[in-house]
Amino acid sequence: MLNLPIELAGGNATKLTYVNTTINICDKSARECFRMQQQASSLWNCHCSLKTNSLSSDRSPPAMFRLLVVMAALSQLPGSAAEVHNISMCPLQFYGESQDTLYTNISNGVIDLCFDGSMGDKCISVVNDTTTSLTVEVNLQVANAGSAFHQAKPELVGTSSCQIVIFLVDVNGETTMNVTLRTFGAQAVARFDSAGRILFATAHVNGKVLNEWMSSDPEVFVSLSGCTHEGTAYASNTTTCDGDTLVTCSIDATLMVSYNNESCIKDAICTVTASTIIDHHGDTALVEDHCAYTLFSDTGFQVSGLFRERRRKDVMFLDAVVIHLDGPDVAIYLGQSRKVKVNGVKMNVTNNATAYGVALSKDEGGVSAYVNVTGNHTRVSFDGYTAQIYTPGALTTAGAYRVNNLDGLCTNATVPLTEKKDSSHSPASCETQYSEPADESINCTIVNEQCEMMRMGNFSSCHEYLDPEPYIEACNNTLCRYPNTDGLRCQFLWAYDQACSLVTHSTTELTEGWREEAYCPSNHTFCNHTHCVNHEFCASGINGQINCFCRAKFACEYRDNQTLGGPTICEDNTATLVLPSCLLEEKGFDYRDLHLTDDTCRGHRDMHHMVAFTFNSSRNACGAVITANDTTVLYKNAIIGENTTNIVSHFDEFHMNFSCYQNQPGRQSMTFRLKDNSVMQRVVSDSWDYTLIMKAYLDADRQRLVRHNTEIQLNQTVYIELKTEGLDDGAVALVTDSCWATNGSYSDGPVRHELITDGCPSSADDTIKVNVNGVGVSNFFNFNMFRFAGDNYELSLHCDVHLCAKQSQICAPNCSGLGKRRRRGSARSESAHRSAAIISMTWAN
C-alpha cells in the first residue's frame, strides 16, 4: 500500500511508503524522490517542492506516481538536449496517431521517450536512476500470431512487421532496461525487459495520463493502443463522456462516437427547502431576510422564491413561488395549501388545467407547473415547505450546461444574493434581518443525528445519484435554530427523497422504507385543505392537527403585551373584542368552542381570520353586566369556553374578561409536571427477578426525556415507555394489560380514566396509540395530556403488566377487530409464567 501525505510547497519532511520502501521527502527534486529501482528496502532523504492545486493528502499509489512522473516529464524540453531518432521505417501507432520521429532524453533518473518536439505532450516516461545513456535500433523483425506479444495481449489483431528497441545502459555499459515498441495495425504494445529492477512508467498525452505501470516482473507487456477524437487521446477499452458526447475506444482501438448520448446527459434539479437554496451543482445559499430572489430563469420566463418568517423572526422559510412569463407579462403564484393565483386571481386547478400555456396539476404532495417556453421543459413543484425546479437533460455529466440562457441562484448559488434579488416581488425594507435569543430547548447534537439519517440506512441507495450533503446542511441550518415542529425533520428527508426520485426518473420513493425508520407519517400532505391568510402560516400543532398559526412579526406585539387580542372597541352602546384566530390555535383553542357569558353568543371569524365577540345593550347583552351613569356606560362580559367530555379534558379552561374601558384578558393556564424523571421498581415473583421502568418522553424517537421541571401542556402528546432490565428478550415478552389514570396517587381511586384495556387502546380516548406491546421486553404507547374536570389538578398514570413466555404462545394482543380486543393465545396461562406488577407515575399542576 502507498501512503503519501505530502507538503505541497516544502516545509516539514513527509513520508511515502510502498511495500518495504520508505522515502523521506526533504531536500531534492521530484525525480530523485522516485529513484527507487535499486532496492525495495532502500531509504532516501530528499525534498520535493510540489506546487500544485490538484494534489490531495490521501492519494492512491497510481495518482501520486502519475503526478510526479508527469511533472518530471513536463520539466524537460524545451531547453534540454534531446536526441532525435528517425523511426519512419517503423512508425509507431501511439494512442491512435502514427508517429515517425522519436525524441529521447535522460534527466534526474527519468527517461523520456516522446513523439513530438516539446518533450512532454506525447511521451512514455520511465523512472530508472542508474541509466546514463541509451541507443535506439529499428529493425524489420516480424511478430506473427502466437508471438510473445500476442500471448501477453490476446486482444492484438494481425501481425507486426518491425520493431523499435531502446537499449538503456549505465555508466559501465551494463544493461539497465530494454524497451521494445511494436505496432499491430491500429494497435501498439511496449515490452519492458527490466533486468531485475522495479518498473515505474507512465504514458501521457497533453498532460493526461492514459496508462501507468508499476511492476516487479522481469518482463512486462503494456498497451499503447488508443484513439484520438478532436485532438483528445483515449486509451483502448475505455468509454468516456466528452461533454454530452460518448466517446468509446474499443479494445482493438476502434473509435466510436455518439453525440447527445443519454449516458452523458443528466437532469438539472434545484431544491429550495426552508431558507436553503441547493443549486444544480450541490452548492448552497442561505436566505436570511424577507426578500424575493430569482431562483431560475430561461428565455421567456423566470421563477422567483418569496421568503418569510414563521414562528421566529430570524429564520426564513420559502413561502411561495412565482413563475413570471415575459411575453404575456403574467405572474403565476404557487402558495401553501396548493393555492394557485394567476395575476392575483385565485385559480381552481383541476386535471389538465392550463394558464397561458403553463400546465398545472395538484395532488396530495402539492402543486406543480410545467413550463415549456423555448423547448426546454421545466417542472416547478411546491408543497408549502419545499420547491423543486427540475429541467430534464439540461446538464452533462461533467456539470456543463447543454442549453443556453439559464440563470438564477439554481445555476450558481455562490453569487451574492443581492445580484439575484427580485425587486418586483420584494416588500419594502425586506433586507432587514432580525435576531432572537437562541432556543435553549434545541439540542443540536440530536438534530445532527436526525439529519444524518440521509447519509445512511435506506437513503444509501440514493447516494450514487445525488449527494446528500447539501440536504443535511439545510436540515442542520434550520433545526439547530428553529424548533423541530411542523413536521420539519420529515420535510427535509422528503425533499432529498423526491429530488433523488426526479433525477432517477422513479415513480415511487426511491428510498422506500425510510419513513418507518425515521418515524415519519406514511403520506406526505402539508396543509392541503387548510387555507391561511397573509399573517398566518399553515403547520401542525402540538396535538398533531393542521392549523393556521401566527407569523412571528404579526404576533410579537400580542406576545410582548401578554395578550390574546387588541383593546375592546366601544361604540354606540356596543362592545367588541377582536382576537386573532391564529393566537387561539397556537394555544390549542378552536374559536368555535368559545362563547360569551350567554353561550348562544359566539364569535364570528372574518376573511382575515380575526374573531370578533360582540354584544349590545339595546339588542342582545349576551349575559353582560351593564351599568350606566350620566356620562358613561360600562359593559362587562367574558369570553369563556372549555372542551370537556365526561370527566377529562385535553384543553385548558378559557376565561377572558373584557369591558369598554379596560382590556383585562386573562386565561387560566394549566400545565403538568412530572414529579420524578422516571419510575423504577424491582419485581420478584417465583423465579423471575427483574427491574421494571416507566419513562415519559416528548417525542416518538424517545430522545427528549420528560424531567421533573418539564412542562406538559394540555393536549400535548406524551410518549410512555415501559421496559425491563434483567430479562432474556428471546425467552419472554413484557405485556401491558391495562393502563389507567386516577385523580390521586392511588391506583384504585374512584375517579378513573381508561387508556389501555386488554392490551389495546381504550375506546374512551381516541388520542391513545399503542405502538409496541408483547413483542419484546419493552413496550411503547402515547396519549395526549388531559386533566380531570373540576378542581382536580393532579393525575396518576398506572399500568398493569405481566411477563409472557414466547415459546408457549403468541404474547402480542390482537387489536385489529373493531370493538373486539382480545389477546391471542391463552391470556395469563400458567405456561406464561405470569409475573404481574402495577407501576405508577404521578403528574401535578
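The values are calculated or read from the model by the stated rules, or taken from the named source; none is laboratory data. The model shown is predicted, which means the values in this text are computed figures rather than measured ones. All Cβ positions, even for glycine, are placed from backbone atoms using ideal geometry, and neighbour counts span all protein chains on display. We work out accessible area using only protein heavy atoms, side chains counted, and drop any ligands, DNA or RNA first. Shrake-Rupley method; radii C 1.70, N 1.55, O 1.52, S 1.80 Å.
Could you pull out the pairs from Lys313/Lys420; Lys553/Lys769; Lys553/Lys695; Lys362/Lys769 whose alpha carbons sit more than 29 Å apart here? Where the Cα-Cα span goes over 29 Å, the pairs concerned are Lys553/Lys769; Lys553/Lys695; Lys362/Lys769.
In this structure the range 337-400 gives 44 Å² per residue of accessible area when probed at 1.4 Å with all protein chains present. Sparsely packed loop sites in the range 239-304 (the chymotrypsin sites (Phe, Trp or Tyr not before Pro) outside DSSP H, G, I, E and B with at most 14 other Cβ atoms within 10 Å) comprise Tyr259. Note on Ile810: accessible area is roughly 100 Å² with a 1.4 Å probe, heavy atoms of protein only. Accessible surface ranking for Arg481, Arg551, 1.4 angstrom probe, highest first: Arg481, Arg551.
Within the shell defined by Cβ-Cβ distances under 10 Å, the residues around Ile472 carry a net charge of -3, with Lys and Arg each +1 and Asp and Glu each -1.
With contacts defined as alpha carbon pairs under 8 Å and 6 or more residues apart, what's the relative contact order of the range 288-430 in percent? Contact order relative to length: 25 percent. When both the range 412-430 and the range 92-159 are represented by their alpha-carbon centers, they are found 59 Å apart. Is the C-alpha gyration tensor of the range 307-413 telling us rounded, prolate or oblate? Criteria: a/c under 1.5 is rounded; beyond that, a/b larger than b/c is prolate, otherwise oblate. It comes out oblate by the Cα gyration axes.
For the pair the range 454-479 / the range 720-764, the C-alpha centres are spaced 39 Å from each other. Computed over the range 363-402, the quotient of the alpha carbon radius of gyration and 2.2 N^0.38 Å is 1.37. Working note: Karplus 6.51/-1.76/1.60 with θ = phi - 60° gives the range 125-137 the couplings 10, 10, 8, 7, 6, 9, 6, 10, 7, 8, 10, 10, 10 Hz, where Gly and Pro are set to x. Amide H contacts for Thr710 (H built 1.01 Å from N in the peptide plane; partners 5 or more residues away or on another chain; cut-off under 5 Å): Leu674.
Residues whose amide H comes within less than 5 Å of that of Val110, counting only those at least five positions distant or on another chain, are Asn128 (H built at 1.01 Å from N in the peptide plane). Peptides 735-745, 587-597 ranked from most to least packed, by the mean per-residue count of other Cβ atoms within 10 Å: 735-745, 587-597. Remark: relative contact order (the range 305-345) = 26 percent; criterion is Cα-Cα distance under 8 angstrom and separation of 6 or more residues. Judged by the mean number of other Cβ atoms found within 10 Å, the most tightly packed of the peptides 714-720, 184-190, 213-219 leads the ranking 184-190, 714-720, 213-219.
Sorting the segments 488-497, 345-354 by their residues' average number of neighbouring beta-carbon atoms within 10 angstrom, most packed first, yields 488-497, 345-354.
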